[in-house]
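S.K.: Okay, handing you the structure first.
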Amino acid sequence: MMTRKQRPLIGQLFIEGCGLTTDALDEALLAQKDAPLNGNGSRIGDLLISAGKLTERQVLESLCLQWEVPFSAQLNLKEVDATLTEKVPIAFAKRNLVLPLCQNAQFVQIATNNPLNLAILDDLRLLLGRGIEVVAAPSDEILRGIHALYERAADSAEKTILDIEGDNMAALATIEQEDLLDANSEAPMIRLVNSILFQAVSRRASDIHIEPFERELVVRYRIDGLLYLLLTVPKRFQSAFLSRVKIMAGMDIAEKRLPQDGRIGLRVGGREIDIRVADIPTAHGERLVLRILDKSTKLFELPEIGFQPEDLAAINRLISLAHGILLVTGPTGSGKTTTLYACLNKINSIEKNIITIEDPIEYQLHGVGQIQVNPKIDLSFANGLRSILRQDPDVIMVGEIRDVETAEIAIHASLTGHMVFSTLHTNDSAGAITRLLDMGIEPFLVTSSIVGIIAQRLVRLICKNCTAPHSMPPHEIKKLSATLPKDTVFYKGQGCDACMHTGYFGRSSIYEILHLDDDIRKMVLNKVDAGQIKAKAIAKGMKALREEGARRVAAGLTTAEEVLRVTQDEIV
């Protein structure tokens with residue numbers, strides 16, 4: 001007579017394979033007795049995950065070992081049978097964290113984070129009409145696969161344009177509240193706009209440019225600071241296309257002669273997305289720019305932005321001062337506000353009263369009072385800053401110093417015991433001083449208030465999936481830096497699907513930090529020009545933007561072409 005195979009106890013597997021202590025297991029078993037019998041909430045593995053004793057992966061691997069189920073930490077999505085997504089609705093897949101992978105005549109292979117949920121597996125068996133083989137995978141990996149595969153299965157923007165011909169556009173006024181991945185509108189124009197928005201988010205675009213010309217409507221994405229063509233929409237669809245976007249943004253579709261601003265709030269793949277829409281009239285119709293703000297984006301820490309360990313101590317000293325002004329300078333889109341957010345996040349504590357005035361508010365900071373500039377009600381940076389000073393702040397962040405009035409109030413705040421963070425549009429750190437002097441600020445006020453200036457740029461990083469050694473002409477090396485070692489190996493991305501064949505993926509900052517010491521202050525009081533101030537700072541140890549960029553090139557993080565592109569205003 002055959003005996004049933006004895007399976008190892010799950011608790012024993014947790015102890016032997018995951019390093020769980022017997023005391024922690026006993027505590028979880030006691031908690032399990034008191035837990036309501038509601039399925040997942042009373043499972044020993046879930047209780048240990050909630051208590052922080054084990055990770056989801058450790059529990060899954062132990063379950064797979066106990067029940068002899070294969071485990072996959074990373075799913076190979078390239079070999080997935082796309083036809084299966086038509087049979088399993090995305091809402092069902094996301095709710096139950098299941099993903100169909102491949103099939104044969106008898107079975108369909110399913111990835112799940114709960115291989116013991118037989119009820120869901122039975123539902124899948126009915127949906128797919130054949131047997132089920134299970135592969136266990138972490139929940140975040142399954143969710144990544146769901147978003148990637150259902151995007152692939154959805155109609156592309158180019159294909160949707162073909163469906164628009166002859167459509168009566170009757171559904172254009174409908175505004176969906178569901179996730180764009182779940183939307184199943186039959187109106188081709190709605191599907192076209194949804195597809196463009198979804199692709200923009202999935203490709204990490206920061207802006208969408210919708211540009212009318214004489215014979216066509218062009219849609220471009222800004223990714224990692226550069227614009228890329230997405231598609232061209234025939235001119236005959238321009239009016240309906242623009243009307244759909246304006247309806248979503250709550251704008252007046254009848255007004256086509258004056259600039260308008262609007263806002264779209266939506267969900268894409270479970271992520272909360274806020275889109276600011278700016279509309280201006282042009283010779284060939286209305287031009288729209290959509291600025292994409294991902295609310296789920298986490299705040300960056302200073303090292304993640306690109307500040308090197310040897311400079312972090314100086315940054316931390318500057319942001320921890322009791323009073324003064326710290327300026328971050330650079331052109332539009334150089335990451336100035338992100339750096340200020342990282343600084344605020346570093347010093348944010350229950351002991352400090354931090355208030356900001358911004359345009360727009362890009363991140364929500366817990367414990368920080370944030371004010372949105374609103375010109376329609378005369379809430380400008382200057383007016384808002386005056387009100388902030390009556391709120392007993394310790395630290396103030398001003399999104400941008402745009403005029404002499406704002407500059408004077410910020411300086412007054414710093415001189416009366418407040419720490420002020422702000423941004424300024426100048427090409428380098430020394431240029432910020434001359435910009436303030438040109439505004440009409442007295443030199444003694446500049447030297448008394450400014451404690452430090454950070455100039456920064458964003459450089460694109462080489463794609464890790466396709467990086468390879470790259471030869472560089474000597475004259476280009478000389479243009480980049482005279483201090484690079486002769487044996488420096490240069491790298492460049494060859495282009496792949498992950499980086500959309502650009503060779504770059506993601507960005508990091510390069511920067512220069514100007515400390516206003518006694519020598520620099522004397523030069524400011526004597527109204528010395530920015531070039532001499534910068535030369536003095538470099539002589540005292542400051543690394544210029546291009547020199548900092550050369551260090552990133554030598555480390556294999558970016559290319560020389562990229563550093564030269566973003567520092568083209570530097571004098572070499």
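S.K.: Which of the residues that make up the range 267-286 are more than 16 Å from the chain's Cα centre (by Cα), within 28 Å of Y363 (Cβ to Cβ) and buried (at least 18 other Cβ atoms within 10 Å of the Cβ)?
M.R.: If the condition is that a residue be more than 16 Å from the chain's Cα centre (by Cα), within 28 Å of Y363 (Cβ to Cβ) and buried (at least 18 other Cβ atoms within 10 Å of the Cβ), then V277, D279 are the ones that fit.
S.K.: Can you find a residue that is part of a loop (DSSP other than H, G, I, E, B), modelled with pLDDT under 90 and not polar (S, T, N, Q) anywhere in the range 339-354?
M.R.: no
S.K.: Right, something else. Answer yes or no: is there a residue in the range 439-448 that is among the acidic types (D, E), assigned to a helix (DSSP H, G or I) and either open to solvent by less than 40 Å² (accessible area, probe 1.4 Å) or free of Cβ contacts under 8 Å to residues at least 24 places away in the same chain (or both).
M.R.: No.
S.K.: Then there is this: Where residues in the range 227-238 are assigned to a helix (DSSP H, G or I) and in contact (Cβ under 8 Å) with a residue 40 or more places away in the chain, which of them is nearest to the chain's Cα centre (by Cα)?
M.R.: Across the range 227-238, the extreme among qualifying residues is Q238.
S.K.: Cβ-Cβ distance below 9 Å, separation of 6 or more or different chains: which pairs start in the range 112-132 with a residue that is touching a residue at least 24 places away in the same chain (Cβ under 8 Å) and closer than 11 Å to P100 by Cα and end on one that is assigned to a helix (DSSP H, G or I) and of a type in the set (D, E, K, R)?
M.R.: Taking only residues 6 or more apart or on different chains, the pairs are I132/D122; I132/R125.
S.K.: Among the residues of the range 505-513, is there at least one that is touching a Cys at 6+ places or on another chain (Cβ under 7 Å), within 30 Å of N465 (Cα to Cα) and in contact (Cβ under 8 Å) with a residue 24 or more places away in the chain?
M.R.: yes
S.K.: Could you say which residue among I175, I164 is surrounded by fewer than 19 Cβ atoms within 10 Å (Cβ to Cβ), in contact with a helix residue (DSSP H, G or I) (Cβ under 8 Å, 6 or more places away or on another chain) and modelled with pLDDT under 60?
M.R.: I175
S.K.: Determine if the range 287-305 includes at least one residue that is surrounded by fewer than 17 Cβ atoms within 10 Å (Cβ to Cβ), among the polar types (S, T, N, Q) and either in contact (Cβ under 8 Å) with a residue 12 or more places away in the chain or in a helix (DSSP H, G or I) (or both).
M.R.: Yes, because at least one residue in the range 287-305 is surrounded by fewer than 17 Cβ atoms within 10 Å (Cβ to Cβ), among the polar types (S, T, N, Q) and either in contact (Cβ under 8 Å) with a residue 12 or more places away in the chain or in a helix (DSSP H, G or I) (or both).
S.K.: Looking only at the range 30-44, decide whether some residue is surrounded by 12 or more Cβ atoms within 10 Å (Cβ to Cβ), closer than 17 Å to L60 by Cβ and at pLDDT 85 or above.
M.R.: Yes, the range 30-44 contains at least one residue that is surrounded by 12 or more Cβ atoms within 10 Å (Cβ to Cβ), closer than 17 Å to L60 by Cβ and at pLDDT 85 or above.
S.K.: Then there's this: What are the pairs with Cβ atoms under 8 angstrom where one residue, in the range 475-490, is in contact (Cβ under 8 Å) with a residue 40 or more places away in the chain and of a type in the set (A, V, I, L, M) and the other, located anywhere, is outside any loop (DSSP other than H, G, I, E, B) and surrounded by fewer than 16 Cβ atoms within 10 Å (Cβ to Cβ)? Sequence gap at least six, or different chains.
M.R.: Pairs that qualify, where the first residue is in contact (Cβ under 8 Å) with a residue 40 or more places away in the chain and of a type in the set (A, V, I, L, M) and the partner is outside any loop (DSSP other than H, G, I, E, B) and surrounded by fewer than 16 Cβ atoms within 10 Å (Cβ to Cβ), are V489/P469.
S.K.: Condition test on A468, is it free of Cβ contacts under 8 Å to residues at least 24 places away in the same chain and open to solvent by less than 70 Å² (accessible area, probe 1.4 Å)?
M.R.: no
S.K.: Within the range 65-78, identify whether any single residue is of a type in the set (V, I, T) and farther than 11 Å from V134 by Cα, and answer yes or no.
M.R.: no
S.K.: Okay, moving on. Considering Q364, Q308, which residue is open to solvent by 20 Å² or more (accessible area, probe 1.4 Å), within 18 Å of K543 (Cα to Cα), under 23 Å from the mean Cα position of the chain (by Cα) and at pLDDT below 90?
M.R.: Exactly one residue qualifies, and that residue is Q308.
S.K.: Filter the range 46-91 down to residues that are open to solvent by 80 Å² or more (accessible area, probe 1.4 Å), polar (S, T, N, Q) and either touching a His at 6+ places or on another chain (Cβ under 6 Å) or outside any helix (DSSP H, G or I) (or both), then give me how many there are.
M.R.: Total meeting the criteria: 2.
S.K.: Can I ask one more? I'm trying to understand the selection: among the residues of the range 522-572, which are of a type in the set (S, T, N, Q) and within 15 Å of D428 (Cβ to Cβ)?
M.R.: Across the range 522-572, the qualifying residues are Q532, T567, Q568.
S.K.: If I ask for residues that are farther than 18 Å from N374 by Cβ, in a loop (DSSP other than H, G, I, E, B) and in contact with a strand residue (DSSP E or B) (Cβ under 7 Å, 6 or more places away or on another chain), which ones from the range 384-408 would you list?
M.R.: P393, D394, I401
S.K.: In addition: Mind checking which residues of the range 311-333 are crowded, with 16+ Cβ neighbours inside 10 Å and either in contact with a Gly (Cβ under 9 Å, 6 or more places away or on another chain) or assigned to a helix (DSSP H, G or I) (or both)?
M.R.: Residues satisfying the conditions are D311, I315, L318, I319, H323, G324, I325, L326, L327, V328, T329.
S.K.: Something else about it: Among the residues of the range 381-389, is there at least one that is under 27 Å from the mean Cα position of the chain (by Cα) and modelled with pLDDT under 95?
M.R.: Looking through the range 381-389, at least one residue is under 27 Å from the mean Cα position of the chain (by Cα) and modelled with pLDDT under 95.
The values are calculated or read from the model by the stated rules, or taken from the named source; none is laboratory data. Fair warning: this is a prediction, and the values are worked out from it, not measured in the lab. Don't worry about glycine lacking a Cβ; one is built from the backbone with ideal geometry, like all the others, and counts go over all protein chains shown. For accessibility, only protein heavy atoms count, side chains too; no ligands or nucleic acids. Shrake-Rupley method; radii C 1.70, N 1.55, O 1.52, S 1.80 Å.
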